[in-house]
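Asker: One structure, pasted below without further comment.
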Amino acid sequence: MRLVDTEHKEIKVDLTAMIDIVFQLLTFFIMTFKVVSMEGDFSIRMPLATTNAEQMELVLPDLITVKLRAGDNGNISSIMTNSNETYIDGTMFQQLTDFVEQQLAGVGNPESAKKTEVEFDIDFGLKYSYTIKAIEAVSGRIQPDGSIKKLIEKIKFKDNSK
């Protein structure tokens, strides 16, 4: 004989604790989020594996070549530009920014910054942090009032594997 349970028991799940934890996590992430305006603002073109003549751009942009040379233990020893400017002291990245500003000011057209490219020729043994500092130096500077002055937006790297 089959027994039939006539009483239906309702199961209740208390979600109050879970909702509290979700709001605490949400508040934590909102409060600790920092917006870095220069981070990830680089238009970097990496070299292609194979380059066909058809893939080449017909109009060549203005090109500034920057050579980063490695010294002992992967530290930077000098920065050289295509106009034979060499920077070797502690303010080399500031001097590189000044050089790029002078190059763009010499053209006189503010739209030329969008057409101008920087090509980095980097020694194999150079530490990665110096490459990032060089990219920051050519891409812009922070003004005294806190605003950002953009310089170069197109950055590419010379293929040294050949």
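The values are calculated or read from the model by the stated rules, or taken from the named source; none is laboratory data. Note that the coordinates shown come from a computational prediction; the quantities given were computed from them, not determined experimentally. Cβ placement follows ideal geometry from the backbone for every residue including glycine, while neighbour counts extend to all protein chains displayed. Note: areas computed on protein heavy atoms with side chains; ligands, DNA, RNA excluded. Shrake-Rupley method; radii C 1.70, N 1.55, O 1.52, S 1.80 Å.
Asker: Would you tally the residues in the stretch 75-93 being among the β-branched types (Val, Ile, Thr) and under 19 Å from GLY140 (Cα atoms)?
Answerer: The number of residues fulfilling the criteria is 3.
Asker: Identify, from the list MET38, MET31, the residue that is open to solvent by 100 Å² or more (accessible area, probe 1.4 Å) and either out of contact with any Cys (no Cβ under 9 Å at 6 or more places or on another chain) or modelled with pLDDT of 65 or more (or both).
Answerer: Numbers: MET38 fails: open to solvent by 100 Å² or more (accessible area, probe 1.4 Å).
MET31 is the lone residue from the list that is open to solvent by 100 Å² or more (accessible area, probe 1.4 Å) and either out of contact with any Cys (no Cβ under 9 Å at 6 or more places or on another chain) or modelled with pLDDT of 65 or more (or both).
Asker: A further question follows. Looking at the stretch 146-162, which of its residues are hydroxyl-bearing (Ser, Thr, Tyr) and either at pLDDT 85 or above or within 10 Å of GLU119 (Cβ to Cβ) (or both)? Give the steps one after another, and end with the answer.
Answerer: Step one: of the stretch 146-162, the residues hydroxyl-bearing (Ser, Thr, Tyr) are 147, 161.
Hit for the stretch 146-162 is SER147, nothing else.
Asker: Looking for something open to solvent by less than 70 Å² (accessible area, probe 1.4 Å), under 21 Å from the mean Cα position of the chain (by Cα) and modelled with pLDDT under 85 - is there at least one such residue anywhere in the stretch 75-90?
Answerer: Within the stretch 75-90 (the criterion being open to solvent by less than 70 Å² (accessible area, probe 1.4 Å), under 21 Å from the mean Cα position of the chain (by Cα) and modelled with pLDDT under 85), the answer is no, since none of the residues qualifies.
Asker: When you scan the stretch 92-106, how many residues do you find that are among the aromatic types (Phe, Trp, Tyr) and closer than 15 Å to LEU63 by Cα?
Answerer: Residues meeting the conditions: 1.
Asker: When residues of the stretch 114-158 are filtered for being assigned to a strand (DSSP E or B) and open to solvent by 20 Å² or more (accessible area, probe 1.4 Å), how many remain?
Answerer: Step one: filter the stretch 114-158 for residues assigned to a strand (DSSP E or B), giving 117-122, 140-142, 148-150, 154-157.
Narrowing further to those that are open to solvent by 20 Å² or more (accessible area, probe 1.4 Å): 119, 122, 141-142, 148-150, 154, 156-157.
Number satisfying all stated conditions: 10.
Asker: Among (1) modelled with pLDDT of 90 or more; (2) basic (Lys, Arg); (3) more than 25 Å from ASP159 (Cβ to Cβ), where does LYS133 come up short?
Answerer: (3)
Asker: Restricted to the stretch 64-74, and to residues that are touching a Phe, Trp or Tyr at 6+ places or on another chain (Cβ under 9 Å) and on the phi < 0 side of the Ramachandran plot, which residue is most open to solvent (accessible area, probe 1.4 Å)?
Answerer: Checked the stretch 64-74; the qualifying residue most open to solvent (accessible area, probe 1.4 Å) is LYS67.
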